[in-house]
1. Can you say whether B:Pro35 is in contact (Cβ under 8 Å) with a residue 40 or more places away in the chain and touching a helix residue (DSSP H, G or I) at 6+ places or on another chain (Cβ under 8 Å), as far as the supplied structure shows?
2. State whether one or more residues within segment A:293-305 are within 14 Å of chain B (Cβ to nearest Cβ) and open to solvent by 10 Å² or more (accessible area, probe 1.4 Å).
3. Restricting attention to segment A:110-124, does a residue exist that is more than 20 Å from the chain's Cα centre (by Cα), part of a helix (DSSP H, G or I) and of a type in the set (Gly, Ala, Ser)?
4. Can you confirm whether A:Pro219 is under 21 Å from B:Asn70 (Cα atoms), touching a helix residue (DSSP H, G or I) at 6+ places or on another chain (Cβ under 8 Å) and either of a type outside the set (A, V, I, L, M, F, W, C) or more than 9 Å from every other protein chain (Cβ to nearest Cβ) (or both)?
5. What residue, of A:Ile50, A:Ile76, A:Ile31, is open to solvent by 40 Å² or more (accessible area, probe 1.4 Å), part of a helix (DSSP H, G or I) and farther than 18 Å from A:Ser492 by Cα?
6. Got at least one residue in segment A:326-338 being open to solvent by less than 20 Å² (accessible area, probe 1.4 Å), farther than 30 Å from A:Phe32 by Cβ, within 11 Å of chain B (Cβ to nearest Cβ) and touching a helix residue (DSSP H, G or I) at 6+ places or on another chain (Cβ under 8 Å)?
7. Output the qualifying pairs, or none if there are none: Cβ atoms under 6 angstrom, residues six or more apart or on different chains, first residue in segment A:283-308 and touching a residue at least 40 places away in the same chain (Cβ under 8 Å), second residue among the charged types (D, E, K, R).
8. Name the pairs whose Cβ atoms lie under 9 Å apart, with the first residue in segment A:26-55 and away from every other protein chain (no Cβ under 14 Å), the second part of a helix (DSSP H, G or I) and open to solvent by 80 Å² or more (accessible area, probe 1.4 Å), and 6 or more positions between them or separate chains?
Amino acid sequence: MIDAAQGFSVILILGVSVAISWLISPYVTGIFTRAPSRVDRLLNPVENLIYRLAGVEPTHGMGWKEYFLSGLLVNILQMAVAFVILSSQGMLPLNPQSFPGLNWDLSIHTAVSFATNTNLQHYTGETMLSYLSQMAAVQFLQFTSAATGICMFAAIVRGFTVGSKDMGNFYVDFVRTLTRLLIPLGFVVALILVWLGVPQTLSGHVMVVTVEGATQKLPVGPVASLVSIMQLGNNGGGYYGANAAHPFMNPNPQSNILEMVLMLLLPTSLIFVFGELLGKKREARPILIGAYTLFGINLFIAFINATHLGPGIETRIGGFFSTFWTVVSTSATTGSVNAQLAAMHPLAILSALLGMLIQAAPGSGVGVMYMVMYVVITVFIVGLMSGRTPEYLGIKITGRDVRLVMLAFLIHPAIILIPTIVAYASGAAAAIGVGSDSLGFTQVLYEYTTSAANNGSDFFGASANTVFFNISTAIVIFLGRYAPIGLMLALSGSMIGRKRGTVVGLKTDSISFSMVLVGSIIIVVALTFFPFLALGPILSFFQGYVNGLG
Amino acid sequence: MKDRKSRLNEKERASYKPIIGITIISLLMCGLSFPLLITGLAQVLLSNQANGQIVQLNGRSVGSTLIAQNFTLPIFFHPRNDSASGVDPHITLQDAYAQISRIHNATGIPSSALEEIVNQNTEGVLLIFGSPYVNVLRVNLMLIKTFPSAYKDSV
């Protein structure tokens, strides 16, 4: 367990994150309501120029299908651009180390992984990616995937909002999320990171002769601009293979705390934005309480057995902050790591898996979307138990609505558990040296969980750079991203124009509902995944493989 | 018939144009302008950090304070060699203290002076966060600077 000072630092960091999230939420809400803002004078001309150049009709409102398809097709084209850059980087500029292009399967995997906010990496950045790839493939997709997730969130909330005629315009939401939120915030954060010690240069790797006379290569590059958006956008894919354990990405305790706050910032802020967009601020309550209660449970599980400074843990970060970070990074589905997962206690891994299986504690840009999915499931269950017609926000929940949310929920176990079994049955797991004991099983289960949840933390790294793992995880990542978004948009789109009564039954903005919500999330997630968790980290725990994973 | 077809094409073009336009514009904004602008500003305003905090000894670059380098001679503090990044530039304060007697035996520098230098180079405590650690390259460079006679044959 943790000591009092550590407990205090948990409360302080979470408190500050929630407070800043709350403070910026009215501004973020304005991005989607298009309310007049002080930044209009500067940004309206820029945005209008973009709309004109791109042929966007900003007043055009989209139905859910058009909104979804616009986002999906923009994302697919962005994947294609990244694929071309990654696979042909050897012929392109800004490649001072002369790295060759990536293989087709690794290029596909990387493009899909980054365009979907997953950032699972089967490559080592500092020895395989040119500066152009790090910028125009990786950083580019880190911005656009974060923006896409936030847009999808906004569209889904619009469907539930009284008086909405459509889901909004994807292109307008996308442009405004970039120009008003991610680029300006990312700009400030990147400069703070440079100040704290993160490099930002286009000069090649620096060669030095060390004090004792050996030659050493220092892999600098455009790092700070990447770290800024990777944490802010809940992306998690690092510049270096060691991710945020590398001192150039996370040079000191200050940068470590800053990056943790950044991971929590937007997902938490969007919870408040949810209430503000709906025009019912109290409806954000169950989502906030639910998300942070589940987050607290994950923290508690991870802290039962403190990780100490040892192999796989960086000195400047230490065991406590490595564990705390792992929970933040998986619960906020970011996926960056500041220690080797193999150095983590099985209970910390169990907590990480739970964060990714829930996806809403607080999740990423689409965290609130998953929470709405759980809310609908919960009102349905409560409706069954009390014999009343289930209602949410005064709207009657129909059989079709429940089928849509159940499908959105069940996709997740299907795309995690089936490929896990296939990886073993086909021999693909054994081919990269993964055993069929509880440790190996945990690693394979983790690989597909991180893919399905669009998280990106992993045990394997470049060792999973095989055609099987590149392509199978790319498929899981793609389905894990777009299938739930499409289904939830369909649900939300069908709410437009539906009759809304006054809430007579269950009050979803109450504390008691929040607790029922937490309970039902734990029950549905536990029932679905328990057998697999039992074969993995739970078995490891009982086998006493303490600090022995991997 | 022809009219209908051309109208359909126009409509299709209209719906595909934003997909291409938004992709190109976002690539230029996020993938090129953003990192290039940050690079320019960082190079002008914070060039030491932006270039990897390279340190000099006798006018030559000998490494970065953020990247561990190998020290094997007994006269120096040694880094750890088991960390996650593989280039952990720091050791704990206890680890640094534990190496003092070896350096004292190899160089003859009084233990109290070594302890003083370690203490001067201790960092990592931010209010209540974290536990103290020592930057290995920085403390070794300090040793060389403070006791040039003890190190003149080795560097």
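The values are calculated or read from the model by the stated rules, or taken from the named source; none is laboratory data. Here the structure is a predicted model, which is why all the values come from computation and not from measurement. Every residue, glycine among them, receives a Cβ derived from its backbone with ideal geometry; neighbour counts consider all protein chains shown. In case anyone asks, the SASA skips ligands and DNA or RNA and just uses the protein heavy atoms, side chains included. Shrake-Rupley method; radii C 1.70, N 1.55, O 1.52, S 1.80 Å.
1. Numbers: in contact (Cβ under 8 Å) with a residue 40 or more places away in the chain: no; touching a helix residue (DSSP H, G or I) at 6+ places or on another chain (Cβ under 8 Å): yes.
No, not satisfied.
2. no
3. Within segment A:110-124 (the criterion being more than 20 Å from the chain's Cα centre (by Cα), part of a helix (DSSP H, G or I) and of a type in the set (Gly, Ala, Ser)), the answer is no, since none of the residues qualifies.
4. It is true that A:Pro219 is under 21 Å from B:Asn70 (Cα atoms), touching a helix residue (DSSP H, G or I) at 6+ places or on another chain (Cβ under 8 Å) and either of a type outside the set (A, V, I, L, M, F, W, C) or more than 9 Å from every other protein chain (Cβ to nearest Cβ) (or both).
5. Every option except A:Ile76 fails the conditions.
6. Narrowing segment A:326-338 to residues open to solvent by less than 20 Å² (accessible area, probe 1.4 Å): A:326-336, A:338.
Checking the rest, the ones that are also farther than 30 Å from A:Phe32 by Cβ come to A:326, A:338.
With within 11 Å of chain B (Cβ to nearest Cβ) added as a condition, the list becomes A:338.
Those still in the list that are touching a helix residue (DSSP H, G or I) at 6+ places or on another chain (Cβ under 8 Å) too: A:338.
The answer is yes; a qualifying residue exists.
7. These pairs meet every condition: A:Glu283/A:Asp509; A:Arg285/A:Asp509.
8. Taking only residues 6 or more apart or on different chains, the pairs are A:Ser37/A:Tyr27; A:Val39/A:Tyr27.
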